[in-house]
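Notes for the one structure printed next.
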Amino acid sequence: MFWSAPLSAETLHKPQIVAVDSRVDPAACQSMVEVRQGVDALDRALVALLAERQRYMDAAARIKPDRDAVHDDARIEDVVSKVLISADAHHLSRDIAEPVWRMLIDRCIAHEFGVYDRTRS
């Protein structure tokens, strides 16, 4: 099964350990079943990592002193720059890494604005 059952409220607030299910190395895959199992395992791990990243956005919304601090162009470019260095080191195409992270950052900023507004009103 690809996605597990919904987590309880208590579980959602506890940090999750990111584990990647066993899978065949991509270079050793002999079938689309193996490829899809590997992709599905990685997707589950990515969801857990993105949920942890979102919790950092929640913390940022709680810590930042004013709403104007939520969007920071210099920080955005710093994050993208670091991601591209890491992408190069891991042989991830910049054509994938940069637009994915820019969209991720955009959505995280929108989430942070929402959390900021809900906690300050």
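Figures for the structure shown
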| item | result |
| --- | --- |
| Given (1) open to solvent by 60 Å² or more (accessible area, probe 1.4 Å); (2) at pLDDT 95 or above, number of the condition I76 does not satisfy | (1) |
| Tabulated pairs, the stretch 22-34, first touching a residue at least 60 places away in the same chain (Cβ under 8 Å), second assigned to a loop (DSSP other than H, G, I, E, B) and open to solvent by 90 Å² or more (accessible area, probe 1.4 Å), C-beta under 6 angstrom, 6+ apart or interchain | none |
| Answer from H71, H111, H91 - the residue that is open to solvent by less than 90 Å² (accessible area, probe 1.4 Å) and not in a helix (DSSP H, G or I) | H71 |
| Residue satisfying condition, being in contact with a helix residue (DSSP H, G or I) (Cβ under 9 Å, 6 or more places away or on another chain) and open to solvent by 60 Å² or more (accessible area, probe 1.4 Å), within set Y56, Y116 | Y56 |
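The values are calculated or read from the model by the stated rules, or taken from the named source; none is laboratory data. Given the structure is predicted, the values throughout are model-derived calculations rather than measurements. We place every Cβ from the backbone using ideal geometry, glycine too, and count neighbours over all the protein chains shown. The accessibility values were calculated without ligands, DNA or RNA, using every heavy atom of the protein model including side chains. Shrake-Rupley method; radii C 1.70, N 1.55, O 1.52, S 1.80 Å.
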